[in-house]
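Comments concern the structure below.
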Amino acid sequence: MNRVTEIPTSKESIDETIRTLHLGATEKANAGDMDGAVDLLQRSNKLFSKTATIYPVEARLKLPLYLQKAGKFDDAIKELGSINDILDEEYEKKFPHLTKEERMALLFHDKSTINDKARLIHERERKFKDALYFRILSIAFSAVACNLQGLAESVEIIQGTWRKKLDPLLKKCKAQDVGDVLVRQCESFTEICTSDGLPTFSRDIHEFIAHKIQDI
């Protein structure tokens, strides 16, 4: 399937091209042509910034998932980073009517999704320590987003379910012995739950996993 040969110009033609490329990518993937599917999604992802239409972040994330399935793990991780950076730039342009806090809440919900796809990609590769790290980041971004939206009950639910959400990967890492300490560290973060605390929390969690959990 190669029906798109040039860059569209109008909003309608851009959106139709994106739709066509995604349908084509799914067809190629179902036929086992992952390289062909990746090519179409790479072309599609270049068009998202050219339309005013707001697409869910999952539409962009189809590409790194397909890259991993195509055996291109490093490219998949690089693409996740690119998507993360693009969203940082786009949100202020596409949501000028929202307050800074409202934009950050939407952005952090999407960053939660990006980190969860990073978790999935690493888990498929049996890189369980990295998968655990991204699982934690995904939950943390979601908690901060909910806090920015004033959703105290949602933050409380997250606060009470850290252990349940981390246990499957702790078991895969054979790291149940450090689970209590790790969960307490995560719970301490969601007690405060601020965007300013995310960089330090991310660094501390990364160091904890690197030093306290053995490679398997």
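The values are calculated or read from the model by the stated rules, or taken from the named source; none is laboratory data. Everything quoted here is computed from the prediction, not taken from an experiment. Here Cβ is always computed from backbone atoms with ideal geometry, including for glycine, and neighbour counts include all displayed protein chains. Note: accessible area is taken over every heavy atom of the protein model, side chains too, but ligands, DNA and RNA are not part of it. Shrake-Rupley method; radii C 1.70, N 1.55, O 1.52, S 1.80 Å.
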Checklist entry - Any residue in region 138-156 that is within 22 Å of D74 (Cβ to Cβ) and either basic (K, R) or modelled with pLDDT of 95 or more (or both)? => result yes
Checklist outcome for this item: So, first residue touching a residue at least 24 places away in the same chain (Cβ under 8 Å) in region 90-106, second residue not hydroxyl-bearing (S, T, Y), Cβ within less than 7 Å, six or more apart or across chains; the pairs are K94/I54; E101/L148; M104/L148; A105/A145; A105/L148; A105/Q149; L106/F95
Next on the checklist: Looking at F141, F208, F201 in this structure, which one is in contact with a helix residue (DSSP H, G or I) (Cβ under 9 Å, 6 or more places away or on another chain), closer than 21 Å to I83 by Cβ and among the aromatic types (F, W, Y)?
Outcome noted: F141
Checklist outcome for this item: Among helices (runs of 4 or more DSSP H) entirely inside region 69-187, those with 3 or more residues being surrounded by fewer than 18 Cβ atoms within 10 Å (Cβ to Cβ) are 73-94, 100-124, 152-160, 162-172
Next on the checklist: Suppose we filter region 196-216 for residues that are touching a residue at least 24 places away in the same chain (Cβ under 8 Å), over 21 Å from the mean Cα position of the chain (by Cα) and open to solvent by 60 Å² or more (accessible area, probe 1.4 Å); how many remain?
Outcome noted: 4
Checklist outcome for this item: In region 1-37, anything open to solvent by less than 80 Å² (accessible area, probe 1.4 Å), modelled with pLDDT under 95 and closer than 21 Å to A70 by Cα is listed as M1
